[in-house]
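Encoded as structure tokens, the structure appears first; notes follow it.
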Amino acid sequence: MSKITGLIFCAFLAVIAYIVAFLPFAPFTIYHQNLEVHPLEPMVLSIIIGIICGNLFFRHKAAAHQQENLQGVISSARLWQKLTPGANFAAKSLLPLGIVLMGVKFDLLSVLKVSGQALLINLICLLIAYVVTLWLCKRLGVDEKMSALITIGTAICGGSAIVATAPVVKANQTQVAIAMTIVSLYGLIAIFVLPLLGHALGLDEFQFGVWAGTSIQAVPQVVAAGFAFGAIAGQTATIVKMVRILLLAPMVMLIAIKHHKVNKGDAEVQKKVAWHQYFPKFILYFLAVVVLNTLGLFGFLDRLADFSVSHYIAKISAFCMTMAMVGIGLNTDLVVLLKSGGKPLLAGGLAMIILLVISLGLIIVL
């Protein structure tokens, strides 16, 4: 019962995020021909709303009434004391649930829809994004946890990849908020800049679709940029992006192993580590759901129930992750966020520019 108040509040703010995301004007809604795209995901907006509410209403300068949260100590009023259990539960428990259910959106057979050229470019760009972003973060002095979040957010699928990786590297809410904001910012810029560059460079629709799909982070942003260039470009970009997302689980596992090796000298990790701490259970469950979807289980359920079961599961998944982002936002100290965001912002920007250039070069050469 102690969690109910906080969960209701998180759900309320999540609904507000959805309303804002679907406002019928730019930058929330972009119209191109007969297509309507919402480039700012509710997940991103919910973390911003959570940060605003948390810092305006629930955080006091006085040191009184301090209370532990998931990442340390914050100043809190009596209302925040009632909201804390639910907000923390949303951030910690609804997040894995949302990621597992997200598996209904992916089909391993989508790889077959991508040409050999596009698939090769996709895999090369993913590897380059991973290596280059890690290197840039190290050179700029970004800490290991933040580096892991920005790297997978740039290499795979923006916010979804970041929230899947955060529990693995034990990142705190402020780090998640910074990484989400950075990745979303550059993706939003790309929606407007890439189509202009594509026309200036004389790319055809297939080439631009591969370019957008391999270099822009979040799915809605890929779709928006692709269809802004043309229908074929939009379809190609979406398929290329889906293939990129299928590598989410292996990449999270890779980062989990790397993170463990980096910290193996710490006293707390010198103990024998259970296999599921290397490969978190929720990632394995996510993979299982993807496999079941590929085998046609959810399609069968759709036909059996005579309505789209998988569609509603995907909606529940998105709402769970949006509520989790509210919880993270409520627990994020804006002052710390602003002080800590400079180097990660630079690293994320440089990584995306390098990825754009290399992806374009591969498209032209191959």
Problem - the chain: radius of gyration and largest Cα-Cα distance (Dmax), Å - result: 20.3, 63
Exercise for the section: Compare the peptides 170-176, 18-24, 251-257, 221-227 by average per-residue count of other Cβ atoms within 10 angstrom and give them in order, highest first. Expected result: 221-227, 170-176, 251-257, 18-24
Practice task
With label points built 7 Å along Cα→Cβ from the Cα atoms of Ile4 and Trp135, find their separation and express it in nm.
Solution key: 5.6 nm
Practice task
Per DSSP H run of at least 4 residues, take -39500 (n - 2.57); add these up for the chain, divide by its residues and hand me the 222 nm value, nearest 500 deg cm²/dmol.
Solution key: -23000 deg cm²/dmol
Problem - Table column - 3J(HN,Hα) (Hz), region 122-130, Karplus curve with 6.51, -1.76, 1.60, x for Gly and Pro - result: 4, 5, 5, 5, 4, 5, 5, 4, 5
Practice task
Kindly flag which residue pairs out of Lys241/Lys339; Lys105/Lys281; Lys92/Lys281 have an alpha-carbon separation exceeding 22 Å in this structure.
Solution key: Lys241/Lys339
Practice task
Pop out the ³J(HN,Hα) list for region 135-144 in order, Karplus 6.51 cos²θ - 1.76 cosθ + 1.60 with θ = phi - 60°, rounded to Hz; leave Gly and Pro as x.
Solution key: 5, 4, 4, 5, 5, 8, x, 6, 5, 4
Problem - Segments 346-352, 320-326 sorted - mean Cβ within 10 Å per residue, highest first - result: 320-326, 346-352
Handout entry: Tilt relative to the chain, helix 78-89 - C-alpha long axis, 0 to 90 degrees, to 10
Key = 40 degrees
Exercise for the section: State the answer as a single residue: which of Ile353, Gly6, Val20 lies farthest towards the positive end of the charge dipole of the chain, with beta carbon charges of +1 for Lys and Arg and -1 for Asp and Glu, about the Cα centre. Expected result: Gly6
Handout entry: Listed residues Phe227, Pro344, Leu366: farthest to the positive end of the dipole of the chain (Cβ charges)
Key = Pro344
Exercise for the section: In a Gaussian network model over the chain where Cα atoms closer than 10 Å are linked, find which of Leu120, Leu356, Leu45 has the largest mean-square fluctuation. Expected result: Leu120
Practice task
Counting only C-alpha contacts under 8 Å and six or more residues apart, can you give the relative contact order of the chain as a whole percent?
Solution key: 31 percent
Handout entry: Gain upon complete extension [Phe307, Ser93; 0.36 nm per residue less C-alpha separation]
Key = 74.2 nm
Practice task
Would you mind getting the accessible area per residue of the chain, heavy atoms of the protein chains only, 1.4 Å probe, in Å²?
Solution key: 46 Å²
Problem - Ala231/Lys82 FRET efficiency (R0 51 Å; Cβ-Cβ; nearest 0.05) - result: 0.50
Handout entry: Computed label-point distance, nm, for sites Leu295 and Leu35 using a 7 Å Cα→Cβ extension
Key = 3.4 nm
Completion exercise
In nm, the gap between the two label points placed 7 Å beyond Cα toward Cβ at Leu254 and Val15 is 4.2 nm
Exercise for the section: First compute the accessible area of region 101-180 with a 1.4 Å probe, then give the percent of it belonging to carbon and sulfur atoms. Expected result: 66 percent
Practice task
Relative to the longest principal axis of the C-alpha atoms of the chain, give the angle of the C-alpha long axis of helix 309-330, reported between 0 and 90° and rounded to the nearest 10°.
Solution key: 50 degrees
Fill in the blank from the handout: PRE zone check, label point 7 Å out along Cα-to-Cβ of Ile353, amide N under 16 Å, scope region 173-192, hits 186-187, 189-190
Practice task
Search the structure for amide H atoms under 5 Å from the amide H of Phe22, placed 1.01 Å from N in the peptide plane, and list their residues when 5 or more places away or on another chain.
Solution key: none
Exercise for the section: Only residues of region 203-223 count here: report those whose backbone N is under 14 Å from the spot 7 Å along Cα→Cβ of Gln117, or say none. Expected result: 203-211
Practice task
Taking the Cα centre of the chain as origin, work out the dipole magnitude from +1 charges on Lys and Arg Cβ and -1 charges on Asp and Glu Cβ, in debye rounded to 20.
Solution key: 1060 debye
Completion exercise
Note to self: C-alpha centroids of region 305-366 and region 126-171 sit apart, in Å, by 11 Å
Exercise for the section: Could you check which residue among Leu188, Leu109, Leu284 shows the biggest mean-square fluctuation in a GNM of the chain with a 10 Å Cα cutoff? Expected result: Leu109
Exercise for the section: Report, to the nearest 10°, how far helix 159-169 tilts away from the longest principal axis of the Cα atoms in the chain, using its own Cα long axis and a range of 0 to 90°. Expected result: 50 degrees
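The values are calculated or read from the model by the stated rules, or taken from the named source; none is laboratory data. A quick note: this is a predicted structure, and the numbers were derived from the prediction, not measured. Because the Cβ atoms are built from the backbone with ideal geometry, glycine has one as well, and the counts that use them run over all protein chains shown. Just so you know, the surface numbers come from the protein's heavy atoms only, side chains and all, with ligands and any DNA or RNA stripped out. Shrake-Rupley method; radii C 1.70, N 1.55, O 1.52, S 1.80 Å.
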